[in-house]
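Nothing in this text is a laboratory measurement; each read-out follows from the coordinates by a stated rule. Please read all numbers here as calculations on a predicted model, not as lab measurements. Neighbour counts are summed over all protein chains in view; Cβ atoms, including those assigned to glycine, are modelled from backbone coordinates with ideal geometry.
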Amino acid sequence: MSDYSQISVTIEESVATLLHARSAQRNAESQQLLDELDEALTACIGNDDVRVIVIGGEGDHFSAGHDLKEAQEKRAGFTVEQRWDYESRRYYGYALRVFDCPKPTIARVQGACIAGGFMLANMCDLVVASDDAFFADPVTHTLATAAVEVLVHPWVMGLRQAKEFLFTGERLSAADARAMGMVNRVVARDVLNDETMALARRIAAAPPFAISMLKKSLNRSLDVQGFRAALSAHFDLHQLSHVTEEFREKREAGLAKAIDKGKSMR
Ligand code: ZN
């Protein structure tokens with residue numbers, strides 16, 4: 001496998017573990033991190049030694065979401081066309097590749113799992129969370145966008161719960177997420193890794209081709225209900241929400257706040 005600088009990859013007993021490795025930035029997903037994750041996922045798909053893929057984060061958090069500082073520095077001046085290219089490839093495309101991965105995937109979640117991090121974790125087949133994990137998608141409030149790029153929310157938590165979660169932008173605890181069926185298991189933080197590995201090894205013991213066909217069928221049960229068409233339609237509206245006056249005002253207010261913060265630090 002290649003050398004990665006923003007993720008870590010380990011393969012043990014047929015289970016690959018891919019971790020966000022920017023714990024000082026609460027595992028914010030930079031362009032490079034997303035590229036590395038996608039590359040590692042592709043390598044795992046092609047590696048016969050890997051039967052199950054765990055996606056998680058080093059340190060205290062799963063991920064605080066897309067790296068907004070980098071976005072401001074590198075992409076604030078993007079045209080509609082450039083943003084479309086960037087987000088359709090790295091946000092929408094990469095997320096769907098996780099959903100379509102022919103091998104079972106497990107999100108291992110502790111601490112914050114926010115916005116882009118929420119989107120990624122929920123493209124995985126299963127979610128195991130520690131009891132201190134929490135989920136949030138506040139970007140409609142903070143950035144004035146229509147949620148994140150992939151509107152997986154109603155499919156994993158139910159429509160009414162998704163509306164409350166997104167309309168308020170408030171945090172959802174691991175226990176509440178489990179009660180609504182979004183999370184498979186909630187375990188103590190100190191056994192999160194062991195419990196996730198035990199589950200992964202159990203799945204890895206099944207015949208891999210059968211599991212792969214089973215996953216395809218289970219995913220198709222969402223596709224026949226319009227899963228992919230709905231996600232694709234949302235992506236378009238999300239792009240529209242990036243070019244509104246509301247979005248511009250939020251961005252300028254955020255920038256002014258960041259400059260003020262910079263001044264007070266001098
Ligand atoms: Zn976006």
Restricting the search to segment 170-188, which residues are closer than 15 Å to S130 by Cβ and out of contact with any strand residue (DSSP E or B) (no Cβ under 8 Å at 6 or more places or on another chain)? D176
Taking segment 158-189 on its own, how many of its residues are under 14 Å from V109 (Cβ atoms) and of a type in the set (A, V, I, L, M)? 9
Subset of segment 87-103 that is crowded, with 16+ Cβ neighbours inside 10 Å and over 12 Å from L231 (Cβ atoms) - its residue that is farthest from the ligand (Cβ to nearest atom): K103
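Pick from A253, A205: which is more than 16 Å from the ligand (Cβ to nearest atom) and closer than 24 Å to G116 by Cβ? Can you show your working first?
Details: A205 fails: closer than 24 Å to G116 by Cβ.
On inspection, the qualifying residue turns out to be A253.
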Against the definition (away from the ligand (no atom under 16 Å from the Cβ), assigned to a loop (DSSP other than H, G, I, E, B) and among the small types (G, A, S)), how does G77 come out, yes or no? no
